[in-house]
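Enquirer: Take a look at this one; I'll ask things after.
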Amino acid sequence: MRRALLSDFKRAMISRKFFACMLAVPVILLLSSMDVVLAAIRAGGSLGAGFHLQFLQNALNSDAMAFCAPILCALPFTASFAEDMSSGFIRAYLPRTSVNRYIRSKNITCAISGGLSLTLGILCAYALSAMLFLPREATPVVGGEMPSIFPDIMGTVGLFFLSGALWSLIGLLFATFTGSKYMAYASPFVLFYVLIILCERYFPDLYVLYPREWMAPTDKWRLGSFGVIPILSVLITVTSVGFYFAAKRRIRSI
């Protein structure tokens, strides 16, 4: 199992796709709040204490980041099983391990690489935001209170990790069902957009299935961000189990 995981981790995270997705996140966050950046540059003088944190929090809640997240997290590894099947690589690989280990390795690696492609990108965006704005921020007043935004951002990063894991697994599942690597890349965004339309137009009270609530929870959740974690955990588990049985069925056919 260790060798299978190590091989898949190298394939997923030491790749151009993974680094491209990770670097795309700070670019998207910066472009989504370009008006704030330009206003801060033109204003001159000092910025408020904690401005770089507030900037990042607003960028994470933007429409651009919400709609790009399911695409970015799907690119690194969701097509791996379909590619192994279509290329015939799986016939040479399976004699070196068991079917269950192979499937579990694909499941775990896909979830982790999808989540990390977003969270590492957000951490890069945090470093960039700090470099841009922190030198110009006003020094906090002695005895004054600093804005407590950093814990909220870390909570948001955790939710982005779980969301990225879910959407990447959804791409893996659809690619396994259809045998098409293009469905791996398209299905997370299509399902994301369908759920957005259904929840916004037809079922506004069904906020537990509203994808944007999974990344930026509103006050509808009684437990706040912690209320989203069980929902995402259940969906990740169901999707993983679905991939397990779908992959086993496809492997039996070869």
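The values are calculated or read from the model by the stated rules, or taken from the named source; none is laboratory data. Predicted, not measured: the structure shown is a model, and the values here were computed from it. When we count neighbours, we look across all protein chains shown, and the Cβ atoms used for this are built from the backbone with ideal geometry, even at glycine.
Enquirer: For a quick check of your reading of the model, give me the residue pairs whose first member lies in the range 17-36 and is in contact (Cβ under 8 Å) with a residue 40 or more places away in the chain, whose second is among the small types (Gly, Ala, Ser) and not in a helix (DSSP H, G or I), with beta-carbon atoms closer than 8 Å and at least 6 apart or on different chains.
Expert: Going by the 8 Å Cβ cut-off, the qualifying pairs are LEU29/SER62.
Enquirer: Give the residue that is surrounded by the fewest Cβ atoms within 10 Å (Cβ to Cβ), with candidates limited to residues of the range 202-249 that are touching a Ser or Thr at 6+ places or on another chain (Cβ under 8 Å) and modelled with pLDDT under 90. Quick ask: steps written out before the conclusion?
Expert: Initial filter on the range 202-249 (touching a Ser or Thr at 6+ places or on another chain (Cβ under 8 Å)): 207, 211, 214-217, 225, 232, 243, 246-247.
Next, only the ones that are modelled with pLDDT under 90 stay: 207, 216-217, 225.
Details: TYR207: 15, ALA216: 17, PRO217: 20, SER225: 18.
Per the stated criteria, the residue is TYR207.
Enquirer: Any chance the range 56-70 includes a residue that's of a type in the set (Gly, Ala, Ser), surrounded by fewer than 16 Cβ atoms within 10 Å (Cβ to Cβ), within 30 Å of GLU137 (Cβ to Cβ) and modelled with pLDDT of 85 or more? Don't jump to the end; show me each part of the working.
Expert: Step one: filter the range 56-70 for residues of a type in the set (Gly, Ala, Ser), giving 59, 62, 64, 66, 69.
Filter again for surrounded by fewer than 16 Cβ atoms within 10 Å (Cβ to Cβ), leaving 64.
Cutting the leftovers down to within 30 Å of GLU137 (Cβ to Cβ) gives us 64.
Checking the rest, the ones that are also modelled with pLDDT of 85 or more come to 64.
So far as the range 56-70 goes, yes, one or more of its residues are of a type in the set (Gly, Ala, Ser), surrounded by fewer than 16 Cβ atoms within 10 Å (Cβ to Cβ), within 30 Å of GLU137 (Cβ to Cβ) and modelled with pLDDT of 85 or more.
Enquirer: Does the range 71-106 hold any residues that are farther than 13 Å from ARG250 by Cα, without any contact (Cβ under 8 Å) to a residue 40 or more places away in the chain and surrounded by 15 or more Cβ atoms within 10 Å (Cβ to Cβ), and which are they?
Expert: Across the range 71-106, there are no qualifying residues.
Enquirer: Any residue in the range 168-189 that's more than 21 Å from ARG252 (Cβ to Cβ): show its pairings with residues that are buried (at least 24 other Cβ atoms within 10 Å of the Cβ) and basic (Lys, Arg) at Cβ separation under 7 Å, as long as the two are six or more apart or on different chains.
Expert: Within 7 Å, no pair qualifies.
Enquirer: Here is a follow-up. If you go through the range 7-32, how many residues are closer than 20 Å to LYS106 by Cα, out of contact with any Ser or Thr (no Cβ under 8 Å at 6 or more places or on another chain) and assigned to a helix (DSSP H, G or I)?
Expert: The total comes to 4.
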